[in-house]
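*Asks:* Sharing a structure, written as structure tokens. Questions coming.
The values are calculated or read from the model by the stated rules, or taken from the named source; none is laboratory data. Bear in mind that the values here come from a model prediction, so they are computed numbers and not experimental data. Heads up, the Cβs are rebuilt from the backbone with ideal geometry, glycines too, and the neighbour counts pull from every protein chain shown.
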Amino acid sequence: MPDVLAMPLDKARSLLAAAGYEIEIMRTENAYKDAGSVKGRFIAYIVRQIELPGKKVQLTLTLKRERRCSEMAFKINAETCIGCGACAANCPVGAPKETEEGKYAITAEECVDCGACAANCPVGAIDQ
């Protein structure tokens with residue numbers, strides 16, 4: 001089964017359909033409740049996938065407000081970063097990349113604003 005964790009729903013559906021999987025959608029109710037109080041366009045992301053018998057997969061979704069620009073992505077302070085790689089190890093989409101200096105920087109176009117990098121940084125070098 002293709003790994004679709006942290007992917008937008010449209011992309012995940014395409015990959016799973018190409019692999020012959022039938023999809024069952026679950027929703028995180030809090031995400032949908034919160035979305036109603038915030039204006040803007042939302043994108044559904046996969047936060048959990050479970051393989052079911054008979055070539056079926058259950059996907060749990062959350063909604064994230066679409067970013068208008070890369071300025072809203074998480075950023076790593078190069079002066080504070082110690083180059084431990086905890087951000088890259090915990091990012092579900094691989095947005096943090098090692099730089100030539102041995103530190104890390106986040107590729108804004110790949111960041112899905114999940115916050116896993118910031119939550120796992122031992123020195124607090126990551127902010128949004």
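*Asks:* Among the residues of segment 100-126, count how many are of a type outside the set (Gly, Ala, Ser), more than 21 Å from VAL4 (Cα to Cα) and exposed (fewer than 13 other Cβ atoms within 10 Å of the Cβ).
*Replies:* So the count comes out to 4.
*Asks:* Would you be able to tell me the number of residues in segment 92-126 that are in a loop (DSSP other than H, G, I, E, B) and free of Cβ contacts under 8 Å to residues at least 60 places away in the same chain?
*Replies:* Going through segment 92-126 one residue at a time, the tally reaches 19.
*Asks:* Residues in segment 82-91: is at least one under 17 Å from ALA6 (Cα atoms), at pLDDT below 95, touching a helix residue (DSSP H, G or I) at 6+ places or on another chain (Cβ under 8 Å) and assigned to a strand (DSSP E or B)?
*Replies:* no
*Asks:* For ILE46, all conditions in the list (1) at pLDDT below 85; (2) surrounded by 15 or more Cβ atoms within 10 Å (Cβ to Cβ); (3) more than 16 Å from GLY115 (Cα to Cα); (4) not hydroxyl-bearing (Ser, Thr, Tyr) hold save one; what is the number of the exception?
*Replies:* For ILE46, the failing item is (3).
*Asks:* Would you say LYS75 is at pLDDT 95 or above and on the phi < 0 side of the Ramachandran plot?
*Replies:* For LYS75, the condition - at pLDDT 95 or above and on the phi < 0 side of the Ramachandran plot - is not met.
*Asks:* What is the one condition in (1) touching a Leu at 6+ places or on another chain (Cβ under 7 Å); (2) at pLDDT below 90; (3) among the aliphatic types (A, V, I, L, M) that MET7 does not satisfy?
*Replies:* (1)
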